[in-house]
Amino acid sequence: VYKRQVSTQSTWGIDKAGSPFPVQITVGPLLLKNAVYFLGYMSDVRDLTTFQDLTVRQELLLRSILDSTSMLRLLAGERHINDHFSSASVLYGDVVNYTVKSVMLNNEEHVAEFLNEVFSIFDKIVAGSPDAMKIKTIGDCYVAATGVPVATDAHAKVLVQIAMAMLRGVGAYNHYVQNDEPVGCLLYNTSIDDAPVSSQTGDWRHKVVPLSLRIGINSGPVVGGIFSQLRGGYELYGMTVNKAQRLETSCNHQHIHISQETYDMIPQSLRALCRMRRGTALAGFSTQDTYEIAPQTEEALESED
């Protein structure tokens, strides 16, 4: 019984200039007048390879800009993403005295490298939580959220724990710089020998430490989505977002400033770390009670849920 089978194999060809190029060879049998012939043809797949490589690069670029959920929705054909969340948490983190530190550095490359190192620490922390999402950076301000674009009941707890990890990350950065240890070991979880050369040197870092943050967190309803066709990213809007920013600007150095709404959602183990601030004035909002969390010792962290 004759059964047709076709095989395809990828290999390389050589053009007239002696340069290699990708080709695909296809071979299969052909039954003709009770005789079986084997026919084959070779295809130049340089354009196809370029197209496939471009597709992969585009997907990687999308992944670096968008969360996986939004990326898949766009690839599936959605043109406008407009989500409403009844409850989510938003974080604003700001480097204290950034302008002064930038002037002290007096070097644009060092300023950029400094922000990249700090934000890389935050990125690692946010990426380590499946419920958290980096929204954007604005100058020296880092914005993240939980409960978007996928809802979760524990969004307040998760974001407060992320904020505490950010304070610890900044503390570790200070320690590495002050002890002349390469920050690459902290940023890349690697040994001194394997850390990038740029992270092993740089006396300029002594000008920016000790580094401290102000972090504000608020919880409540938000609108999220991609609202622009030009360089659009996933954005959050609403009074919940505005209040998180006001909490950050009124926060004490190296503390986490949370609203009553966030406080009501976190477990008792985290509430025990909070100190009430009565009658806090927030621009654009009425005077209200808020709460602050200071950097914690290892003993206190062990009691977290």
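The distance between label points at Ala281 and Ala76 comes to 4.9 nm (points 7 Å beyond Cα on the Cα→Cβ vector).
Checking the Cα-Cα distances for Lys101/Lys134; Lys136/Lys157; Lys207/Lys243 against a 30 Å cut-off, the pairs over it are Lys207/Lys243.
The modelled label-to-label distance for the pair Thr137/Asp203, using points 7 Å beyond Cα in the direction of Cβ, is 2.6 nm. Applying the Karplus relation 6.51 cos²θ - 1.76 cosθ + 1.60 with θ = phi - 60° to segment 173-187 yields 3J(HN,Hα) values of 4, 4, 4, 4, 5, 5, 9, 6, 9, x, 5, x, 5, 6, 6 Hz, where x marks Gly and Pro. Separation of segment 156-180 from segment 231-255 is 19 Å, based on Cα centroids.
Label separation (Ser86 vs Asn107): 5.4 nm, computed from points 7 Å beyond Cα along the C-beta direction. All other residues whose Cβ lies under 13 angstrom from that of His110 are scored, Lys and Arg at +1 and Asp and Glu at -1, for a net of -2.
Computed 3J(HN,Hα) for segment 240-248, one whole-Hz value per residue from the Karplus formula 6.51 cos²θ - 1.76 cosθ + 1.60 where θ = phi - 60°, is 4, 5, 4, 5, 4, 5, 5, 5, 5, glycine and proline marked x. Maximal additional length on extending the Thr249-Asp289 stretch stands at 12.8 nm, based on 0.36 nm per residue less the C-alpha distance.
Here, each number is a calculation from the coordinates, and none is a lab measurement. Every value quoted in this text rests on a predicted model; they were computed, and no experiment measured them. Every residue, glycine as well, gets a Cβ built from its backbone with ideal geometry; the counts of neighbours run over all protein chains shown.
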